[in-house]
Amino acid sequence: MDSLINQSRPPMFCPGCSHDRSVRALDRVLENLHAGSADVVIVTDIGCSGLFDVFFSTHAFHGLHGRALTYAAGIKLAQPRLKVVVTMGDGGLGIGGAHLLAACRRNLDLTLLVLNNFNFGMTGGQFSCTTPSDARVTPGFLNCFERPMDVGSVAAAAGAPFVTRCSVHEKDLTDKIQAAIEFEGFSLVDIWGGCPGRYMKRNPASPEYLEARLRELPLLDGPAPNNFRQEYGRRYREYSGSAEFILDTRGIEPRAVRPFSGRRELVFLGAAGERIQSAGALLASAAMHAGLHAAQKNEFNITVLRGPSISEVILSTEAIDYTGIERPDVVAILATEGLDRRKDLIERISPLCLVIRDTSVDMGVHGEKGHVLDVNFKAHGIKKAEKALSALFLLARLGEIVTHEMLEPALSLAYSGVRLESAIDLRDRTADIPLQ
Amino acid sequence: MGLRFIDGNEAIVLGALYAGCRFFSGYPITPASSILEGMVEALPPLGGIAVQGEDEIASIGYCLGASMAGMKAMTATSGPGISLYSENISFALGSEIPIVIVNVMRQGPSTGSATRAADGDIQFMRWGQSGGLPVVVLAPTDAYDCFTLTVHAFNLAERFRCPVFLASNKEIGLTRETVQMDDLERPEVLNRTRHTSGDFLPFAVHAGRDVPDFLPIGGAIPVRQTSSTHGKDGYITVDPEEIQASMERLKRKVESQVDTFTFFDLEQRERSRTLVVAYGATSRAARAACRHLNDRGIPVSLLVLKTIWPVPERLISRTAKENEGRILVIEMNLGQYVSEIQRILCDRKVDFFGKMCGRLISPDEIVREILDG
């Protein structure tokens, strides 16, 4: 195979730039791997590392600062056959830190070449997350107060199964990059080099200096066996199928008789754990079994099993426009939490509104509103989690908004086995509650 | 023949699958999270890919990579996430990457109220990116629209190679309602035009066309994609004439075609003295209010806009001409889109009524506004 260097745009960096060595090494690796130009995508970051994609005749993707790993992941998931090489500087590494950690944890088969020259070369030599504390860089003293990050150690700690740290001057740079690209999984090569245009004017970055600094750090030379595991893309594909999408148009076939015409608004004011939303959904399902339109929205706190739980259900023989509740026809007040949350609604209860009130709820300042049906659920052995469904059975007994004929198919659709039996048992227990 | 009880977010998932979306990435956020959950459940069995990004920037980044690799991609979030998408939205615009972005709007500003609704991002979706080039924004009113407009959104993203927003709202996304599945309008599914013969230049357009033909990254012919200002060949250009022509093309390719994707409902009443203009969840209260008044012998016309951006100017002008008297724009914010209506109808009396308190505007309030005018 031939070199994949873009003959129409040959590599050009500042004189003495170490990036040139990285470009040549990457080209030799791709040649060694017999890669054709359509077999590879170079995904580049912003800054001098962002020039790399232009210098190759491969697929190329030059995106936003710090986000190269995200595009690379999307490309690799969509085109698993591609060799995906990402080039990023120490600048992109800092701004895109979350993406580096995610790439290490995920272990998708990408190779990240960190072209680490300890400063933001293209923007004037500002300090980056890898600038040594004793370096003299713009914009002044700030880097002295911070500690540089060792990319390799961070990557290894985050789960990268292949991490190499080396100098751009090392003789086996090509071998190191090749081993990274050949590795199936996320691989990172932290390549230290000098930026003659900015950094090296006031700071040392000779091959010997870099070598000496590298020796101060623990050796990272490729495979990190502790982090070995299945490659993400392969695992994802094994998990996936190849079914065709078919829009399932099956649903409820209305059979029951509609007990009313027009619009009815119902509100269940309860507490978390009272199956308020399940009751709302069941009511809607029952209505749909009679060919009614239904709309439901729920309100609850972020806490689980604590706080208010509210369900608003609208049933109508016409299509439902406005989905808010203005003049409720039924309000089931099952817990103080729900009552307190929707005080506004209590004010709007008309004398004709049916209010099913659990006798344990103190209406307080609200007093008695609407046509009240006081129910002592506890005295009838109806538990907290059964009250909302029991209220539905009460409504079915009244038969003006929902009927047993509507509710029964809805129950059979929602529940089976023991749960269906206990729902039917609850219906029978609700039958004893007086409707006055 | 079957009735299903689904919310807007579920309908968007169905619409996306129907439209051929096979890549999804999103970051959890109320009230959009159920789209992420729905896609993660639905896509793998279809051979598609759904991932949860480490943040919103990554989520849209994954989508842009996958879209350039040839897949139809979608992401979903709410206002805070759109803020983080901003830089990548301008990338998708300038570099012509098809993507569908669902914004299930919630009460802002900032963190605001996660479980309360507003339409506070209507101008933000249009202008919240560097460069100011046009995007497409479609606004569903209910679960039916969520399905159909999602299919249209993919079609438009494919047709124009640009970001297309679905401007949903917590009140649509998380309200379950009856859907007669057989009544779902199913637009024909379109795919991006592929380059078929001759030399491939990634941003070249054929004579008489404004959208470049597509080849995927990963195909047999190397493809260049770049966020830098580029020429037809995908390399950086500094030629002012080439740049100007390219920017004008990016604007023209979307804006000149708006008449071909102007989605709306119009309830035109004879002798109406008021034209109500609304979109999204608010339009449903407006419809109830107009119906109430019409039933009582007070004719009121209603224009429900489902294509929000580019502004369907021809539709708005034509409808205004057919309705004498006052124009009342109703929004779940403190007045955003009304400025577009005022711009187009500068010789007319255009009033505004809006609220931004987390709750739906009610039909009663709209009736009062109409009568008080």
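The values are calculated or read from the model by the stated rules, or taken from the named source; none is laboratory data. The shown structure was predicted, so the numbers you read here are calculated from the model rather than taken from an experiment. Methodologically, a virtual Cβ is constructed for each residue, glycine included, from the backbone with ideal geometry; neighbour enumeration extends over all protein chains shown. With ligands, DNA and RNA removed, areas are computed over all heavy atoms of the protein, side chains included. Shrake-Rupley method; radii C 1.70, N 1.55, O 1.52, S 1.80 Å.
Values for this structure:
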| read-out | value |
| --- | --- |
| Flag if B:M356 is within 14 Å of chain A (Cβ to nearest Cβ) and either in contact with a Cys (Cβ under 9 Å, 6 or more places away or on another chain) or within 20 Å of A:I325 (Cα to Cα) (or both) | no |
| Matching option when the condition is open to solvent by 10 Å² or more (accessible area, probe 1.4 Å), β-branched (V, I, T) and touching a Pro at 6+ places or on another chain (Cβ under 7 Å), among A:T403, A:T359 | A:T403 |
| Residues satisfying the stated conditions in the stretch B:347-359, i.e. touching a helix residue (DSSP H, G or I) at 6+ places or on another chain (Cβ under 7 Å) and under 21 Å from B:N294 (Cβ atoms) | B:F353 |
| Filter result for A:G152 (open to solvent by 40 Å² or more (accessible area, probe 1.4 Å), away from every other protein chain (no Cβ under 12 Å) and under 27 Å from the mean Cα position of the chain (by Cα)) | no |
| Residue among A:D221, A:D190 that alone is of a type in the set (D, E), under 37 Å from the mean Cα position of the chain (by Cα) and surrounded by 24 or more Cβ atoms within 10 Å (Cβ to Cβ) | A:D190 |
| Residue list for the stretch B:147-181, restricted to those being of a type outside the set (A, V, I, L, M, F, W, C) and more than 30 Å from A:S311 (Cα to Cα) | B:H152, B:N155, B:E158, B:R159, B:R161, B:P163 |
| In the stretch B:265-278, the residues that are closer than 30 Å to B:N9 by Cβ, away from every other protein chain (no Cβ under 14 Å) and crowded, with 16+ Cβ neighbours inside 10 Å | B:V277 |
| Filtered residue count, the stretch A:51-95, keeping only those that are open to solvent by 10 Å² or more (accessible area, probe 1.4 Å), within 8 Å of chain B (Cβ to nearest Cβ) and in contact with a His (Cβ under 7 Å, 6 or more places away or on another chain) | 1 |
| Within the stretch B:112-201, helices (runs of 4 or more DSSP H) holding 2 or more residues that are more than 12 Å from chain A (Cβ to nearest Cβ) and aromatic (F, W, Y) | B:122-127, B:143-160 |
| Residue check for A:P204: open to solvent by 40 Å² or more (accessible area, probe 1.4 Å), at pLDDT 95 or above and within 14 Å of another protein chain (Cβ to nearest Cβ) | no |
| Counted residues, the stretch B:305-326 - those being open to solvent by less than 30 Å² (accessible area, probe 1.4 Å), under 20 Å from B:V258 (Cβ atoms) and not hydroxyl-bearing (S, T, Y) | 10 |
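Listed here are the residues, each with its yes/no results for (1) open to solvent by 40 Å² or more (accessible area, probe 1.4 Å); (2) under 23 Å from A:K297 (Cβ atoms).
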residue: B:S83; (1), (2): yes, no
residue: B:L93; (1), (2): no, no
residue: B:V100; (1), (2): no, no
residue: B:R106; (1), (2): no, yes
residue: B:S110; (1), (2): yes, no
residue: B:A114; (1), (2): no, yes
